[in-house]
Amino acid sequence: MSRLQKFKEQQNKLNRFQALKSIFTSFAMTVAVVVVAAVVVPKSPSGSIQSGEAFTNVITYTVNVVDEDSAILPDTLVIRLENQVEVYERSLELGISSGIFDNLNPNTEYTLKILANKGYGQELLDRMTLKTAERTGGAITGIVLVSEEDAWTIDYSISYFISDPFDEYQTINLRYASKYPSVPEYLFYSSFLLDESATETMIQGIYNENMEINIILEAVTWENETIVLENIVFHTPYRIYSSMGIEHVTNNSVSVYVWPEPVSDLEIEYELVLSRLGYVVDTYRVEPFIYDTEPMHQFESSEITFNGLASEKEYHLELIATYNDPYTLVEIVKILAAEDFTTTPDFSYNIDVTDNVDHYLVTITVEPETAIYDFAYYNIYTYIDGFQQFYSYMSFNFETIDGKPFATFEIYKPTNPDYRIIIAIGDNEYYINFVILEIIDTTQEG
C-alpha cells in the first residue's frame with residue numbers, strides 16, 4: 001500500500017472517530033441537561049423589616065419572615081444589630097415578631113439585619129440602618145401568646161417602649177380590635193391607658209377563631225393631638241376545625257366517623273393513622289367534604305373502617321392534617337384528634353330470622369357466655385322520596401339457658417314498603433362496642 005493510501009485510510013478512521021465522539025458527547029450533554037432541569041430548587045425564604053425605630057440608647061423593630069419550602073435550617077433564623085465594634089444577636093421565629101435592643105451607645109449608627117442559613121452559610125434577608133438619638137416616640141416590642149393554643153379565647157402579653165425625654169405626651173393609649181379576615185374593616189376597638197413608666201400590658205378574651213388582630217399604640221400630646229406610634233396587624237394561631245369519633249369497635253375492626261373540614265384557598269391533606277405500641281398498623285387518606293346546597297347534606301361525615309385487627313388489643317387512632325400555614329407558609333403536620341380503644345374478645349353467634357306476613361321473628365344466640373354483649377336491638381329506617389328517615393328502635397336484654405346468652409323478639413314491619421332494618425348486639429357498658437348481625441333492606445338499592 002502506498003503512503004498516500006495509508007494516509008487517506010488513517011484520515012477516514014480519524015473522521016469516523018471524531019463523528020462518533022461528537023455524537024456521544026452531544027448525547028451526554030443532553031442527558032446532563034435533562035437531569036439538571038429535573039432538580040427542584042426550593043423557594044428562598046423572605047424577610048422584611050416592617051418597622052425600625054431608634055431612640056437615645058434603644059432600637060426597636062417589627063419584622064415578618066415567611067419560609068414556604070422550609071428552606072431555613074433549624075435555629076438559624078436571627079436578627080442582628082451591629083456596627084464596626086458591636087454585635088448583638090437574638091433568635092427569631094417565623095411570622096411577625098417585635099423586639100428591642102437596649103443599653104446601646106447614644107448617637108451611634110447601627111445596622112439591623114435579618115439573617116438565615118439554608119445550608120450555604122448565613123443569607124441576608126433584609127437590612128436597615130438606624131442611628132440612636134434623643135427623640136420622642138414609642139413602639140410595640142413584643143407580642144406573646146400566654147394562653148393554650150386550643151383555648152376558646154386567648155390572651156396576649158404586649159410589650160411596649162415609650163420615649164418622652166421632652167415631656168411631650170399627656171397620655172399613652174393602646175387600642176386593639178379583632179375581625180375575621182373576610183370582614184373588610186375593624187368595627188369595634190377597645191382602648192385603655194398605659195403606664196408610661198411600665199413596659200408590658202395584656203389584651204384578653206380574643207376569640208380563637210383564625211382572627212386578625214390590629215394593635216395601635218398611640219400618644220396624646222398636651223395640645224390634644226393624637227399621634228400613632230405603631231400600628232401592627234397579626235393573626236391568632238391558625239386552627240382547623242376537623243374532628244373524628246369512634247363509631248363502633250368489634251373483635252377485629254374499628255369504624256371511625258371523620259369530619260374533614262374544607263378551607264377555602266388552603267390545600268389540606270387529612271390522614272387517619274392507626275397504630276399499636278408505637279408502630280403504624282394502617283393509614284387512610286381522607287378527602288375534605290364539600291358543602292352541599294341541600295341543608296340535610298351540609299354536615300355529612302366520612303365513615304372509615306379498619307379491618308383485620310387482633311382481638312383484645314389496645315390501639316391508637318390519630319387524625320393528622322398536613323398543610324402550609326397561611327401566615328408563615330411553612331409546612332405544618334398537626335394532630336387534630338386522637339383516640340385510644342381496645343378491641344373486644346373473640347365470639348361467635350347464631351341468628352335466625354323468620355319472615356312472617358307482618359313481622360320478623362328473630363332469635364340470637366351468642367357464644368361463649370363470657371362474651372361482652374348483653375343485649376340485642378334493632379333500628380328501622382324508612383325511605384321517603386329517596387331520603388332515609390328514622391322510624392323506630394327497640395332493645396332486648398339477653399337471657400341465659402344452658403350457659404348461652406340468647407334473645408328472641410319480633411320486629412313489626414312498617415307500613416311503608418321501602419324500609420331498612422338493622423339487627424345488632426351491644427355492650428351496655430361501652431356504647432361503641434356493638435356488632436351488626438344482619439340488615440334487611442326492601443329497597444331496590446338493597
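Throughout, read-outs are computed from the coordinates displayed, never taken from laboratory work. Remember, it's a predicted structure, so these values are computed and weren't measured experimentally. When we count neighbours, we look across all protein chains shown, and the Cβ atoms used for this are built from the backbone with ideal geometry, even at glycine.
Take the Cα of F166, step 7 Å toward its Cβ, do the same at N103, and the gap between the two points is 3.0 nm. Per-residue ellipticity at 222 nm from helix content only, as computed over the chain with -39500 (n - 2.57) for each DSSP H run of at least four residues, stands at -3000 deg cm²/dmol. Here are some values of Rg/Rh (Cα atoms, Kirkwood Rh): (1) 1.51; (2) 1.05; (3) 1.21. Which one was computed from this structure? Identified label for the calculated read-out: (3). From the alpha carbon centroid of region 415-433 to that of region 223-258 is 35 Å.
When only C-alpha pairs under 8 Å and at least 6 residues apart count, what is the relative contact order of region 348-441, in percent?
Values: 191 pairs, mean separation 27.9, N = 94.
Reported as a whole number, the value is 30 percent.
The amide H of E438, built 1.01 Å from its N in the peptide plane, has I423 as neighbours under 5 Å, considering only residues 5 or more places off or on other chains.
Comparing Cα centroids, region 116-179 and region 194-213 end up 12 angstrom apart. Loop-located chymotrypsin sites (Phe, Trp or Tyr not before Pro) across region 146-232 with a Cβ neighbour count of 16 or fewer within 10 Å are W152, F166, Y186, F188, Y189, W222, with loop assigned by DSSP.
Among the chymotrypsin sites (Phe, Trp or Tyr not before Pro) within region 80-121, those in coil by DSSP and having at most 14 neighbouring Cβ atoms inside 10 Å are Y120.
Across the chain, how many lysine pairs separated by 8 or more positions, or lying on different chains, have Cα atoms within less than 23 Å? Display every interim value, and only then the final one.
Numbers: K6/K21; K8/K21; K13/K21; K43/K113; K43/K118; K43/K334; K113/K131.
Counting lysine pairs in the chain gives 7.
With r as the distance between the Cβ atoms of S253 and T76 and R0 = 30 Å, compute the FRET efficiency 1/(1 + (r/R0)^6) and round to 0.05. Numbers along the way, then the final one.
Values: r = 47 Å, r/R0 = 1.57.
The formula returns an efficiency of 0.05 here.
Of the residues A424, N356, P288, the one whose Cα sits farthest towards the positive end of the charge dipole of the chain is P288 (charges of +1 on Lys and Arg Cβ, -1 on Asp and Glu Cβ, taken about the Cα centre). Taking 0.36 nm per residue of separation and subtracting the Cα-Cα distance, full extension of the segment from V357 to Q84 would add 88.4 nm. Kirkwood analysis of the Cα pair distances in region 46-235 returns a hydrodynamic radius of 17.9 Å. Cα axis of helix 3-38 to longest principal axis of the chain: angle in degrees, 0 to 90, nearest 10? The two axes meet at around 70 degrees.
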